[in-house]
Amino acid sequence: MAGAAAEERRLATVVASWQQRPVLVVGDAMLDEWRFAESERLCREAPAPVLTLRRRISAAGGAANTAVNVAALGGRAALVAPVGADVAGDELHDCLDRAAVWDRTVSQPGRPTPVKRRMLAGNQILLREDSGGPEDGLDADGVARLLTALHCATEELRAVAAGQPLTLVVCDYGLGALPSAVRAWLVANRDRYGTVALDAHDLADWRGLNPTVVTPSFAEATRLLARAAAGFAHAERGAVPSGDVHLNHPADADGPSELMVGAAPGGSGERVPGSPHPTSGTPAAEVPAGPTGEPVPGEERVALTGDGLSVTGTGVTVSAAAGAGVDRAVLAESRLPELREHTGADVVAVTLDTEGAVVGGAEGESRRSHSTPVPASHAVGAGDAYLAAMTLALAADAGLPTAAQLAQLAATITVADTGTCVCRRQDLLAALGTGADEGGHPALVGADELAALVDEHRQAGRSVVFTNGCFDVLHPGHVRYLTQARALGDLLIVAVNSDGSVRRLKGPDRPVNPVEDRIALLAALACVDHVVVFEEDSPARLIEAVRPDVYVKGGDYPPEMVPEAPLVRRLGGQVRTLGYVPDRSTSAIIDRIRAHPVGDTVGDTVGDTVGEGRPA
């Protein structure tokens, strides 16, 4: 049980560390409309139910819902997307405003806002009506204004990022919001963003982006493999493949399934010169270069069958030796390296709807996550929650297993009811069982919520003690120091340097332990009430927000030598220093460990050095 609690706290520290991460979302925004009706009789004109509308709900969908999830999870989200100058567009703007998303959408008169209208009776979806699609393309002026919005939103986020690298999320669902000029701009400006996440129906359109993570569905991943393999298998021979590709599918899968594929010869995504289109017979010069958007009806189909164990035709093999009982997760896991190669992504997360996801990274490691099967009407937008959490975790430098676990959890906890899924930060923390103090406040807090939290404590008559440090290798000296600091007031707030801040202060080989591990250990101490991460080299901004009654530092120097002392006193607080025993610091422990060759027994030596120490 103790191990499970520690793991939950460790995951919660990652959620705390991504607070207010700047994220730009670009792509196909749409409006989800839910119409809930009741039916008690059939109509006389046809064997169809007569529906009585009881309520209607509108929600952000597509790229807009991804931005809403980023904001709900605690990030700072800005959305750039074309939106129609219509009623649906007005409702979408309202959804973004309510979610605190920076609405940087571009109005497109004459182009309707894409809408998905669902009619339900008894929580069963009876029909879905879609409007707005790729046929409603952007004109030259619309593309130019979209590019301007991208540049301006990037600079706007950079201005408030406090030195944090920006994060980009691309949501391309083939509805025309990302024409070739916009894709080219994003590829050319890739280095303006630290973390880049891509969710695209057609991943082949994004060669050259080199995203940090891609999140294709099983069908999208299979389609990319089929198109790429078909092209590479025949490009040198100057022939266009037949497209006769069959993918095995377990017989107990979720019913029949099929997807469309087309030919993508060669690495560039262009068709073989001089060759006719495989089904239309149109000369190559008249066919768009490479696969763009959704495949046209004339292109080949890939059938997901249950009578085989491998993909056959055009040299494509998913798992030639998978054996009996192979399932989609096994197939996806076996092709993760190829998916990484074809997309240029560091991380590939193949989502398997009711079966969870399979995730693989650059080091070759893979992770399988599971989900709880729910009705389809409960899972609309769950992929957006998955994408948002995965992106925020990777942007916060979380490891791949941690990011995959948080992404799956975010998707899973949103599917309790019918509607478009949104995962809120407090719900994610609650699912992690994050501890709280006697006032119901979380131990792990974000910098932006700290001031309001302190105000609540002060209204309850509590005095606030504040300290900061790297706390890289936590040892008994730290515990003694923090216990003494806690005794100086009613509650103790510990501010911890982020990994980047530690590297700037201590050197490129520090920290030894990542910030999520350091915070988890501090939050588990009984003497610590709240833990917060700061990116800067100095905690001055947090000190101004907290206005501590007592500010504590470790050292044998007088309080007057503490750099933060003038600020603390100006704010009405006092400064205290707590002594330490020389050579009992984190740096000394690390030096002693490194002084012993690998294989030596160092436990006794290290154990003798960690009796006391200052924060380091």
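Accessible area, 1.4 Å probe, largest first: how do 370, 457 sort?
Numbers: 370 125, 457 5 Å².
Per-residue accessible area, sorted high to low, gives 370, 457.
If you count only protein heavy atoms with a 1.4 Å probe, what accessible area per residue comes out for the stretch 94-217, rounded to a whole Å²?
Numbers: 5180 Å² over 124 residues.
Averaged over the residues of the stretch 94-217, the accessible area is 42 Å².
Whole number in Å², please: accessible area per residue of the stretch 379-489, 1.4 Å probe, ligands, DNA and RNA not counted. If you can, show how the numbers build up before the last one.
On the way: 3670 Å² over 111 residues.
So the stretch 379-489 comes to 33 Å² accessible per residue, rounded to a whole number.
Sorted by mean Cβ packing within 10 Å, highest first, what order do the peptides 149-162, 39-52, 495-508 take?
On the way: 149-162: 15.9, 39-52: 10.6, 495-508: 18.1.
Result, highest mean first: 495-508, 149-162, 39-52.
Quick check: convex hull of the Cα atoms in the stretch 396-531, volume per residue, rounded to a whole Å³? Walk me through the numbers on the way to the answer.
Values: hull volume 18.3 nm³, N = 136.
Per-residue hull volume (Cα only) is 135 Å³.
Using just the Cα positions, wrap the stretch 10-65 in a convex hull and report its mean projected area in square nanometres, one decimal place.
Directional mean of the projected Cα hull area for the stretch 10-65 stands at 7.6 nm².
Determine the share of the stretch 422-581's accessible area contributed by carbon and sulfur atoms, expressed in whole percent, with a 1.4 angstrom probe. Walk me through the intermediate numbers first.
Working: 3290 of 6570 Å².
Carbon-and-sulfur percentage of accessible area, whole number: 50.
For a quick size check, give me the Cα extents of the stretch 49-111 along its three principal axes, largest first, whole Å.
Over the stretch 49-111, Cα extents along the principal axes are 44, 32, 16 Å.
Using a 1.4 Å probe and counting only protein heavy atoms, arrange 98, 510, 368 so the residue with the most accessible area comes first.
Numbers: 98 170, 510 15, 368 85 Å².
These residues rank, largest area first, as 98, 368, 510.
Would you mind checking which residues have amide H under 5 Å from residue 578's amide H? H placed 1.01 Å from N; only 5 or more apart, or other chain.
Here the answer is 553, 554, 555, since their amide H atoms fall under 5 Å of that of residue 578.
Where does the charge balance sit around residue 35 when Lys and Arg score +1, Asp and Glu -1, over other residues with C-beta under 13 Å from its C-beta?
On the way: positive: 54, 55, 56, 116, 117, 118, 128; negative: 32, 33, 38, 129.
In short, +3.
Using only the Cα atoms, work out Rg/Rh for the stretch 36-164, with Rh taken as the Kirkwood radius, to two decimals. Before the final figure, lay out each step's value.
Values: Rg = 18.7 Å, Rh = 17.0 Å.
Computed over Cα atoms, the ratio is 1.10.
Using a 10 Å cut-off on Cβ atoms, rank the peptides 530-539, 345-354, 179-188, 65-74 from the highest mean neighbour count down. The partial results should precede the final answer.
Working: 530-539: 20.5, 345-354: 23.2, 179-188: 15.8, 65-74: 29.3.
My ranking of the peptides, most packed first, is 65-74, 345-354, 530-539, 179-188.
Would you mind computing Rg(Cα) / (2.2 N^0.38 Å) for the stretch 127-234, counting N as its residues?
On the way: Rg = 15.9 Å, N = 108, 2.2 N^0.38 = 13.0 Å.
Here the answer is 1.22, to two decimals.
Post the alpha-carbon centroid distance, the stretch 146-216 to the stretch 84-145, in whole angstrom.
20 Å
Using R₀ = 25 Å, calculate the FRET efficiency as 1/(1 + (r/R₀)^6) where r is the Cβ-Cβ separation of residue 541 and residue 463; round to 0.05. Don't jump to the answer; show the numbers that get you there.
Details: r = 21 Å, r/R0 = 0.85.
Computed FRET efficiency for residue 541 and residue 463 comes out at 0.70.
At a probe radius of 1.4 Å, what is the per-residue accessible area of residue 338, in Å² to the nearest 10?
Here the residue's solvent-accessible area equals roughly 60 Å².
For the stretch 75-210, give me the percentage of DSSP beta bridges that are antiparallel, rounded to the nearest 5 percent. Don't jump to the answer; show the numbers that get you there.
Values: 7 of 18 bridges.
Of all bridge pairs located within the stretch 75-210, approximately 40 percent are antiparallel.
With all protein chains present, how much of the accessible area of the stretch 6-87 (probe radius 1.4 Å) comes from carbon and sulfur, to the nearest whole percent? Provide the component values of the computation, followed by the final result.
Numbers: 1460 of 2980 Å².
Carbon and sulfur atoms account for 49 percent of the accessible area of the stretch 6-87.
Estimate the FRET efficiency between residue 365 and residue 451 by the formula 1/(1 + (r/R0)^6), using the beta-carbon distance for r and 41 Å for R0, to the nearest 0.05.
Values: r = 40 Å, r/R0 = 0.98.
The value I calculate is 0.55.
Under the 0.36 nm per residue contour assumption, what length would be gained going from the current alpha-carbon distance of residue 505 and residue 100 to full extension?
Details: separation 405, 0.36 × 405 = 145.80 nm, distance 3.46 nm.
Fully extending the segment from residue 505 to residue 100 adds 142.3 nm.
The values are calculated or read from the model by the stated rules, or taken from the named source; none is laboratory data. What you see is a predicted model; the values in this text were computed from it and never measured. When we count neighbours, we look across all protein chains shown, and the Cβ atoms used for this are built from the backbone with ideal geometry, even at glycine. The area values use the complete protein model at the heavy-atom level, side chains included, leaving out ligands, DNA and RNA. Shrake-Rupley method; radii C 1.70, N 1.55, O 1.52, S 1.80 Å.
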